[in-house]
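**Q** Have a look at this one.
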Amino acid sequence: MPPTAFLEPHDVLILGAGNAAMSAAITARKMGASVLMIESADKDLRGGNSRHVRNIRYSHNAATDYVTGAYEASEYMTDLMRVTDGNTNEELMRFMIEASEDCADWMIEQGIKFQPPLSGTLGLARTNAFFLGGGKAMMNSYFKTCEKLGIDIVFEAEVEDVEMEGSKFVAAQVRHKGELHRVEARTVVLASGGFEANIEWLKEGWGDIAENFLVRGSPMNTGKVLRSMLNNGAKSVGVPEQCHAVAIDGRAPQFDGGISTRVDCVIFSVVVNKNGDRFYDEGEDIWPKRYAIWGRLVAKQPDQVAYAVIDSKSMGLFMPTVYSPIQSDTLAGLAEQLGVDAPTMEKTIADYNAGVQPGDFNATEPDGCHTEGVEPKKSNWARKIDTPPYYGYPVKMGITFTYLGLEVNKRAQVFMNDDKPAQNIWAAGEIMAGNILGQGYAGGTGMAIGNVFGRIAGEEAARHARN
Amino acid sequence: MPETETLDEAKRIMQICNACRYCEGYCAVFPAMTKRLNFNDGDVTYLANLCHGCQGCYYACQYAPPHEFAVNVPKTFAKLRGETYRDYAWPGIFKKLFEGNGKWVALIVVALTVIVTGLTYAIQGVDVVSGVYKGEGSFYKVIPHDVIVYVASAPFLFAILAFFVGLMKFWKDIGAKPMDLLHPRALTKALKDAGQMKYMGGGGHGCNYPDDNYSMGRRVAHQFTMWGFLLCFAATSVATVYHYVFGWPAPYDYFSVPVVLGTLGGIGLLIGPPGLLMIKKKADPEPQDTKQHGMDIAFLWLLFLTGLTGLALLALRETSLMGLLLAVHLGIVLGMFVTFPYGKMVHAVYRLGALIRFAHENDVKK
């Protein structure tokens, strides 16, 4: 038996139920359209990667109850141009940033709660507004609003394929409780996320090493909708290996480890690979840039794993970790427990210690404490690793989201390979984030992209369906 | 100290929470947590008692079951609090009253009410108890003033002593210094936070009830209950002063200070406890320790009945039912005092202790 919501074609069919999908659904519904959302997760895991987020980066001209100061569109633009290294659709980026100004107000109208800027807000208190309780609480509010507005949602329903006639969406093939159903609708909004949970697809970009990646978010993001659209002749943007990835604890679960698995001690550590060799300047720059680059660095090491080693002097200087560190009174003992070549690691650390120059250590900013005569150099926070007990954290690459997606314009219309927009298909969120994020990331941008393009997609789809 | 298993689970969860910190906006627990890198038995005991059970962090938790991390802070802390109440009970022989507490409290209160009422009838006779009295000292024609004072004040003073001993044990275990308890700024801040029930505010939007919905309902019901109780207590205190200092015996005029305070308090107890009972019944059991519901329900009924019999006594004090109502009310109040250190009332003691500790930690940091 198909769910009753599948029987009657809706004005707007929304694939996904995260922030972008909700932004579209609520906007379309408020314009009077009938809306059906298809969510592959069950109620506990609903909301895709949005359930793991914490904040939204949006432009604002002044401090509010939720941000400590102005973050003008121009500064936002400069930040995104820097992290993407210009690898973006500049016009679309500017448009998104300017449109992001009312994101927080719009979310508050939908019942979403923000918290005042607090101590633990990671230096983002000015630029980003933090959801009270984080992304899952935000999603709970969204779902409450959907319920009130009379938006139909079917959980545990996975879109297997998108059926098109030329550039027109006709129906989605949806698997629900083991059965395949054909769900028709007048328009569709694609907000089903990326494909980071699809290791086979990641291998197309990364090769077999992708087997060793951990997925920080939803196991549901397998990219079936994206794949189906590409097969139907939609135009892609970005490349398969571009994604946001960070170094996380190697003991984290394969999926859904979220924020707590990050390892924050890299700058105070010596990072070795399993052969016991260092491979990059651990003290290069301040967080969060280094946080973002270490995922890729680790992915290039043997077995895609590395080990951050600190001594007792550094304990307590960084965010506590979800897994306790591996501990030993000797470096050899630690190497053995970590599974690192012990003689090499001992030599690496001895060489590093010999290269450490005197200086005034300061945990909170680049302090110039560096090494000399050691390759690679450590530029800041270089202190001898000499005070037992020694601690080690295994780190692996944790992939957060992918950038290969569908090309869209300012109206969130999906383009076909003939460079013409599809007739009744819009996209929002991670599935089109690659238009703006060709590479790199600045925390909270994904939420702004999802909300801005979600609302546009919802509005466009509702208007189209009702004409 | 509570069970090792419960403490270990609380420590496991706090290590996860401390690496996440998304919930820092909800209450005092998470800011207090972030001051610590590791969690010992005392730390989690303190944090558990700082938790007001608003449940915001449960619904917001990306690691709540079915996630493999299985984080459930409100349930774990509720369980730990329950064990705190039992383990700090003094004298230790009464710890077992916390096992199946609801039944014990009900039994003690009913027994005392029956005994007080029965003795009143037995000693005074039906005619005296059923008499209609007016004016000064009419209550004491049924039960002599001294009897009321001795019978009620003995268990009350004992309860204060038991609270104090329990609090000092708790205070020592959470690693605080005795004098910190009297730190003036910390004490003021803690009393303010308790008076406002700030942390039932869940970051400004209330507790999560009956599911992930934000609601001020629980905070409002709790305020009626707490302030209702405190007003009744104030009414009794003022009346005591009237009696001993000014030599004015009860009953007092309807617009006198004790009667106004008592009436407002009684109304609070008619509204608050049923509200909390309803919330408890409707709310999602997942973030709660449902094994403690017996204790909670008994306590709420006890407060409700105290208010109800008190108001009934006021309303019917010039009728032949006064004697019966006085005996019943006195029996229930006696039951309440006797069970104070061995029932839900103790939550107020440890919660206030935890709030003082929290205020003190923040004060010292500045």
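The values are calculated or read from the model by the stated rules, or taken from the named source; none is laboratory data. Bear in mind the structure is a predicted one, so any value in this text is a computation, not a measurement. Glycine also receives a Cβ, built like all others from the backbone with ideal geometry; neighbour counts cover every protein chain displayed. Side chains are part of the model used for accessible areas, which takes the heavy atoms of the whole protein and leaves out ligands, DNA and RNA. Shrake-Rupley method; radii C 1.70, N 1.55, O 1.52, S 1.80 Å.
**Q** Does region B:137-148 hold any residues that are in a helix (DSSP H, G or I) and open to solvent by 40 Å² or more (accessible area, probe 1.4 Å), and which are they?
**A** Passing the criteria: B:Tyr140, B:Lys141, B:Asp146, B:Val147.
**Q** Sticking with this structure for a sec: With respect to A:Leu226, determine if the residue is open to solvent by 30 Å² or more (accessible area, probe 1.4 Å) and at pLDDT 95 or above.
**A** No; evaluated as a whole, the condition is false for this residue.
**Q** Considering only region A:158-214, how many residues are more than 18 Å from A:Ala41 (Cβ to Cβ), within 27 Å of the chain's Cα centre (by Cα) and among the hydrophobic types (A, V, I, L, M, F, W, C)?
**A** Here the count works out to 10.
**Q** Could I ask something else about it? Going by what's in this entry, would A:Arg175 be described as assigned to a strand (DSSP E or B) and basic (Lys, Arg)?
**A** So A:Arg175 passes the test.
Each row is one residue, and each column tells you yes or no for (1) polar (S, T, N, Q); (2) over 20 Å from A:Ile248 (Cβ atoms); (3) in contact with a Ser or Thr (Cβ under 7 Å, 6 or more places away or on another chain).
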{"site": "A:Trp294", "(1), (2), (3)": "no, no, no"}
{"site": "A:Lys313", "(1), (2), (3)": "no, yes, yes"}
{"site": "A:Ser324", "(1), (2), (3)": "yes, no, no"}
{"site": "A:Asp329", "(1), (2), (3)": "no, yes, no"}
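**Q** Another question about this same structure. Since B:Val129 meets every condition but one in (1) farther than 16 Å from B:Leu316 by Cα; (2) surrounded by 15 or more Cβ atoms within 10 Å (Cβ to Cβ), which condition does it not meet?
**A** (1)
**Q** Additional query: Please work out which one of (1) within 14 Å of another protein chain (Cβ to nearest Cβ); (2) within 17 Å of A:Gly450 (Cβ to Cβ) is the condition A:Lys43 fails and give its number.
**A** (2)
**Q** With respect to A:Ala412, is the statement that it is buried (at least 23 other Cβ atoms within 10 Å of the Cβ) and on the phi > 0 side of the Ramachandran plot true?
**A** Against the criterion (buried (at least 23 other Cβ atoms within 10 Å of the Cβ) and on the phi > 0 side of the Ramachandran plot), A:Ala412 qualifies.
**Q** Taking the conditions exactly as written (under 25 Å from the mean Cα position of the chain (by Cα) and open to solvent by 30 Å² or more (accessible area, probe 1.4 Å)), does A:Asp152 satisfy them or not?
**A** no
**Q** Next up: Which one of the conditions (1) more than 14 Å from every other protein chain (Cβ to nearest Cβ); (2) surrounded by fewer than 19 Cβ atoms within 10 Å (Cβ to Cβ) does B:Met216 fail to meet, given that it meets all the rest?
**A** (1)
**Q** Separate question: Any idea which of (1) buried (at least 17 other Cβ atoms within 10 Å of the Cβ); (2) under 22 Å from B:Gly82 (Cα atoms) is the one B:Pro155 doesn't satisfy?
**A** Condition (2) is where B:Pro155 drops out.
**Q** Out of B:Val338, B:Val328, B:Val349, B:Val333, report the one residue that is open to solvent by 20 Å² or more (accessible area, probe 1.4 Å) and touching a Gly at 6+ places or on another chain (Cβ under 7 Å).
**A** Sole residue among the options that is open to solvent by 20 Å² or more (accessible area, probe 1.4 Å) and touching a Gly at 6+ places or on another chain (Cβ under 7 Å): B:Val349.
**Q** Here's something else I'd like to know. How many residues are crowded, with 16+ Cβ neighbours inside 10 Å and assigned to a loop (DSSP other than H, G, I, E, B) when one looks only at region B:220-264?
**A** 5
**Q** With respect to A:Gly359, determine if the residue is over 35 Å from the mean Cα position of the chain (by Cα), without any contact (Cβ under 8 Å) to a residue 40 or more places away in the chain, open to solvent by 30 Å² or more (accessible area, probe 1.4 Å) and not assigned by TED's automatic domain parsing to the domain that holds A:Gly123.
**A** In short, yes.
**Q** Mind listing just one residue for me: the one in region B:1-14 that is open to solvent by less than 20 Å² (accessible area, probe 1.4 Å) and part of a helix (DSSP H, G or I) and, of those, farthest from the other protein chains (Cβ to nearest Cβ)?
**A** The extreme case among them is B:Thr6.
**Q** Any idea how many residues of region B:158-209 are part of a loop (DSSP other than H, G, I, E, B) and surrounded by fewer than 16 Cβ atoms within 10 Å (Cβ to Cβ)?
**A** Residues flagged as part of a loop (DSSP other than H, G, I, E, B) and surrounded by fewer than 16 Cβ atoms within 10 Å (Cβ to Cβ) within region B:158-209 amount to 2.
**Q** Please state which of the following conditions B:Glu99 fails to meet, knowing it meets all the rest: (1) more than 8 Å from every other protein chain (Cβ to nearest Cβ); (2) within 30 Å of A:Gly133 (Cβ to Cβ).
**A** Here B:Glu99 clears every test but (2).
**Q** Among the listed residues A:Lys224, A:Lys136, A:Lys168, A:Lys148, identify the single one that is closer than 16 Å to A:Glu39 by Cα and out of contact with any helix residue (DSSP H, G or I) (no Cβ under 8 Å at 6 or more places or on another chain).
**A** A:Lys224
**Q** Given the condition in contact (Cβ under 8 Å) with a residue 12 or more places away in the chain, farther than 22 Å from A:Val263 by Cβ and surrounded by fewer than 22 Cβ atoms within 10 Å (Cβ to Cβ), answer yes or no: does some residue in region A:386-408 qualify?
**A** no
**Q** Restricting region A:222-261 to residues that are within 14 Å of chain B (Cβ to nearest Cβ) and under 13 Å from A:Tyr307 (Cα atoms), which is farthest from the chain's Cα centre (by Cα)?
**A** Per the criteria, the residue is A:Arg251.
**Q** Please find, within region A:299-356, the residue that is nearest to the chain's Cα centre (by Cα) out of those that are within 14 Å of chain B (Cβ to nearest Cβ) and hydroxyl-bearing (Ser, Thr, Tyr).
**A** Per the stated criteria, the residue is A:Thr321.
**Q** So is A:Glu147 away from every other protein chain (no Cβ under 12 Å) and open to solvent by 30 Å² or more (accessible area, probe 1.4 Å) or not?
**A** Against the criterion (away from every other protein chain (no Cβ under 12 Å) and open to solvent by 30 Å² or more (accessible area, probe 1.4 Å)), A:Glu147 does not qualify.
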